[in-house]
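Student: I am attaching a structure below and will ask some questions about it afterwards.
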Amino acid sequence: MCYYLSLGSNLGDREQTLRLALQRIEQQIGVVLRCSSFYYSAPWGFQSDNDFCNLCCAVETTKSPLEVLSLTQSIEQALGRTRKSINGNYSDRPIDIDLIRIFDGEKELYLSLPELTIPHPFWQDRDFVKLPLAEILP
């Protein structure tokens, strides 16, 4: 399956944190097939002086969606994320990794679970996801 992930960082050395996250994704989840350019944007959903650096990547793996979710959350914690956003309360963070879309061959997968909704419910509202995703999604 091919997972499209969105990564963002607005604390510390943002680009380096994203590079480290990509390395860990390749080590723990699967092969990174494509990666977008870096995109910079103001925070979405909260106020901060710290702009985000974002990118999207395509990852080939045999892991299940919930396995990938667990592994991305583990990578976030290893790179300094201490808490997830809850009920739309967003804050500065060293790393954020979201599962955006999943394809099994040509077929897009749809999930609606308490812990995971695919496609990501807000991806089309966020230029910092749409623009890098358009760069890598055939």
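The values are calculated or read from the model by the stated rules, or taken from the named source; none is laboratory data. All of these numbers come straight from a predicted model, not from anything done at the bench. Backbone-built Cβ (ideal geometry, glycine too); neighbour counts: all protein chains shown.
Student: Could you list, ordered by first residue, the pairs with Cβ atoms under 7 Å in which the first is in segment 34-56 and of a type in the set (Asp, Glu) and the second is crowded, with 19+ Cβ neighbours inside 10 Å, at least 6 apart or interchain?
Tutor: Pairs found: Asp51/Asn10.
Student: For the condition of a type outside the set (A, V, I, L, M) and under 14 Å from the mean Cα position of the chain (by Cα), what is the one hit in Ser48, Ser6, Ser41?
Tutor: Ser6
Student: Could you list all residues from segment 47-87 that are more than 21 Å from Asp13 (Cα to Cα), of a type in the set (Val, Ile, Thr) and at pLDDT below 95?
Tutor: Ile86
Student: Give the residues of segment 109-126 that are surrounded by 12 or more Cβ atoms within 10 Å (Cβ to Cβ) and part of a strand (DSSP E or B), sorted by residue number.
Tutor: Listed by number, the residues that qualify are Leu109, Leu111, Leu116, Thr117, Ile118.
Student: Is one or more of the residues making up segment 38-48 among the hydroxyl-bearing types (Ser, Thr, Tyr) and surrounded by 15 or more Cβ atoms within 10 Å (Cβ to Cβ)?
Tutor: Yes, because at least one residue in segment 38-48 is among the hydroxyl-bearing types (Ser, Thr, Tyr) and surrounded by 15 or more Cβ atoms within 10 Å (Cβ to Cβ).
Student: Search segment 14-26 for residues being among the charged types (D, E, K, R) and at pLDDT 95 or above, and hand back the single one that is surrounded by the most Cβ atoms within 10 Å (Cβ to Cβ).
Tutor: Arg24
Student: Out of all the residues in segment 97-138, which are over 23 Å from Asp51 (Cα atoms), in contact (Cβ under 8 Å) with a residue 60 or more places away in the chain and acidic (Asp, Glu)?
Tutor: Asp104
Student: If I filter segment 127-138 down to residues being exposed (fewer than 15 other Cβ atoms within 10 Å of the Cβ) and closer than 21 Å to Lys107 by Cα, which single residue comes out as modelled with the lowest pLDDT?
Tutor: Pro138
Student: When you scan segment 23-46, do you find a residue that is small (Gly, Ala, Ser), more than 26 Å from Lys107 (Cα to Cα) and assigned to a strand (DSSP E or B), even just one?
Tutor: There is at least one residue in segment 23-46 that is small (Gly, Ala, Ser), more than 26 Å from Lys107 (Cα to Cα) and assigned to a strand (DSSP E or B).
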